[in-house]
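Computed from the coordinates by the stated procedures, all read-outs in this text should not be read as laboratory data. Every value quoted in this text rests on a predicted model; they were computed, and no experiment measured them. All Cβ positions, even for glycine, are placed from backbone atoms using ideal geometry, and neighbour counts span all protein chains on display.
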Amino acid sequence: MIDATSIHNELGCTVARTLSSRVRGKGSLIEWGRKYFPHYFNKPFGRHHYEMDAAIRRWTKKRGVRSVNVFPRGYAKSTIYTFLLPMWSICHHTEKYIIPIADTYSQSSKHVQGIQEELEENEALARDYPTVCGRGRKQWSSEGIITRNGIKVEPLGTGQKIRGRRKGSDRPTLLIIDDPEGDDAAYSTVARTTTRDWATKGAFKAGSPITNIILSGTVIHRDCLVSHCSQLPGWERMFYTAIEEWPHRMDLWEQWELILRDNSVKQEVADEIAAAFFAQHKEEMLAGARVLWPEHENIYALMFERASEGHTAFESEKQNNPIDPSKCEWDPSLFEGENLWFDDWPDDLMCSVMALDPSKGKNDKAGDYQATVMLGVDSKGNLLVDADMARRPLKDMVARFVESAGHFKPDIAVVEDEQFQELLVPELEQESVRQRLLVGVEGISTGKVKKEVRIRRLGPYISRGRIKFKRRSPGAVILRQQLMDFPNGDHDDGPDALEMALRKAVELLEDSGSDGVQNPY
């Protein structure tokens, strides 16, 4: 027989455990999640998880927060926002009414089912939160739950009516909108507009002044909902990319990718050769690289995905940088086909120019390449182009440029003479003497014309298919990609150097009286 003392002691222990767990719950959200849900969190956390943790705990106290969170695909944002956050909020009673929203009602309902299962079956959670766990006494289905401590969790899909929903007198206190748009939003203006109207006219107005709204997703289009909201005032913003810093030697990675794409051998053989190439150049290929969650995806895994699934898909899914063809300067089809490439430099070039963009100016972006472009004009007026794209110390850049000039033997070499870059001309001349090479180098001015305007001067040549790229050249591959992405890409140093080379070539041909190239200026 159980006496009153035993009941009192057991009740006291239960209360003590509950209070103790709630004190611990005021600490790290994700470490709390690792303790109770190790089957969800079996990898070391990334930096972004700890920053999410700190932000969530701050939002819980601040209230009335609107936060847009942009993550690479597959980086556990949904696990934390649609599962761990509601579980933590239920166990510590920080919310009264939670609405998780996904692209479809079915997906959102699955999130709620996961919460139900843990509240019913997680023994460790039940031991420390006995007044919370177990089946709710009122509503308990895939259409929504009311937990034993009175918290309502109701799943919805994008587009469903949300205004006017209540739990008694309470409006929703937490809206978690995760990946609200499906793949159709990447292609349909109507779908994106419909979702935006639903969010701005309905979902965002469903709560009260204390309602927190968390919007998370991947940028599938530059006008998708998460991208739109990240540009609005009043929204906190968290933005992440899988590759935070690109390797310095992207030219080696492009060479590695060309090996992977070698269709003359079986794919497994190409994979082995590429792996051997990486092993041989590992230190150089890793230099400068920094990834967001190395325990999940290291730089090799990410670069392999980039090569195997395509750069465009990778930029969208992992870098949150979707390149919208409709907003690019030139149609992507202009950069396709066998006629885009050439194998060897002809002997009868009408003129040849090298151009260097050192990416050291005040308007250059962090991480820009130093771009050397070699341009030759053939007898048909085609512009044959190769490039060397890398990030090097100044001394190495100068030495490499002069060495390349020795091989290419241009009629003239030019370097942008803006800001301190005018100091490069004497540096290049001195290096030419040191290498015992005769390289004519002169500065070329931008004329204070904006870079975007200058690069657009390449348009007539691109549109008529007169620019040809050197086959099997990693630098030419990078240059082609930068031209395809312009003006939405991260880098445009290659196109800038190409424009300088073309401008000088036109000048040379006009001085010689040749009419092989039409002057676009």
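Points to keep in mind about this one:
- Hydrodynamic radius by Kirkwood, which averages 1/r over all alpha carbon pairs of segment 457-503, in angstrom: 11.0 Å
- Equivalent-ellipsoid semi-axes of segment 332-512, from the Cα gyration tensor, Å, largest first: 23, 20, 15
- Inter-label distance, nm, simple model (7 Å from Cα along the C-beta direction), V425/K327: 3.9 nm
- Residues Y369, Y461, Y187, ranked from the fewest to the most other C-beta atoms within 10 Å, line up as Y187, Y461, Y369.
- Residue-span extension gain [T200 to L394] - 0.36 nm each, minus C-alpha spacing: 64.8 nm
- Estimated dipole of segment 4-240 in Debye, rounded to 20 [Cβ of Lys and Arg +1, of Asp and Glu -1, Cα centre]: 880 debye
- Segment 244-322 - Kirkwood radius from inverse mean 1/r over Cα pairs (Å): 13.0 Å
- Taking only the Cα atoms of segment 137-181, the radius of gyration and Dmax are 11.4, 34 Å.
- Rounded to whole numbers, the Karplus 3J(HN,Hα) couplings from phi for segment 81-91 are 7, 9, 10, 5, 4, x, 4, 5, 5, 5, 5 Hz, using 6.51 cos²θ - 1.76 cosθ + 1.60 with θ = phi - 60°, and x at Gly and Pro.
- Distant-in-sequence amide H partners of I177 (H built 1.01 Å from N, under 5 Å): I101, I214, L215, S216
- Label-reachable residues, segment 240-264, where backbone N falls under 20 Å from a point 7 Å from E295's Cα toward its Cβ: 240-245
- Charges were assigned to the Cβ only: +1 to each Lys and Arg, -1 to each Asp and Glu. The resulting dipole of segment 75-146 about its Cα centre is roughly 200 debye.
- The fewest-to-most ranking of V441, V226 by surrounding Cβ atoms within 10 Å reads V441, V226.
- Amide H contacts of I444: V415, E416, D417, each under 5 Å away and 5 or more positions distant or on a separate chain (H built 1.01 Å from N in the peptide plane; Pro and chain starts excluded).
- Pairs of Cα atoms farther than 17 Å apart, segment 268-311, %: 38 percent
- Here the chain was treated as a single set of alpha-carbon atoms; its pair distances binned every 10 Å from 0 give 3, 16, 22, 19, 15, 12, 8, 4, 1, 0, 0, 0 percent.
- Modelled spin-label separation between W341 and T189, with each label point placed 7 Å from Cα along the Cα-to-Cβ direction: 3.6 nm.
- The protection proxy used here, the mean number of other Cβ atoms lying within 10 Å of each residue, ranks peptides 425-432, 134-141, 86-93, 312-319 as follows, highest first: 86-93, 312-319, 425-432, 134-141.
- Charge-dipole axis of segment 371-521 as Lys and Arg at +1 and Asp and Glu at -1 on Cβ define it, positive-most pick from V414, V425, M374: M374
- For segment 4-240, the calculated P(r), taken from all Cα-Cα distances in 5 Å bins from zero up to the bin holding the longest distance, is 1, 6, 14, 18, 20, 17, 11, 6, 3, 2, 1, 1, 0, 0 percent.
- Packing-based order for 188-194, 200-206, using average beta carbon neighbours within 10 Å, highest first: 200-206, 188-194
- For segment 218-371, the equivalent ellipsoid derived from the Cα gyration tensor has semi-axes of 30, 23, 18 Å, listed largest first.
- R73/Q113 FRET efficiency (R0 22 Å; Cβ-Cβ; nearest 0.05): 0.45
- Value of [θ]222 nm, deg cm²/dmol, for the chain, DSSP H segments ≥ 4, -39500 (n - 2.57) each, nearest 500: -12500 deg cm²/dmol
- The chain: relative contact order as a whole-number percent, Cα under 8 Å and 6+ apart: 13 percent
- ³J(HN,Hα) computed for each position of segment 109-118 - Karplus, 6.51 cos²θ - 1.76 cosθ + 1.60, integer Hz, glycine/proline x: 4, 5, 4, 5, 4, x, 5, 4, 4, 5
- Amide H to amide H distances under 5 Å link E236 with R66, S67, V68, where only residues 5 or more positions off or on other chains count and H is placed in the peptide plane.
- Relative exposure of R306, R163, judged by other C-beta atoms within 10 Å (fewest first): R163, R306
- Note that segment 64-72 has calculated 3J(HN,Hα) couplings of x, 7, 10, 10, 10, 10, 10, 10, x Hz, one per residue in order, obtained from phi through the Karplus relation 6.51 cos²θ - 1.76 cosθ + 1.60 (θ = phi - 60°); glycine and proline are x.
- Here r is the Cβ-Cβ distance between H39 and I273 and R0 is 45 Å; the resulting FRET efficiency, rounded to 0.05, is 0.70.
- Label point distance in nm, F239-S463, each placed 7 Å from Cα along Cα→Cβ: 3.2 nm
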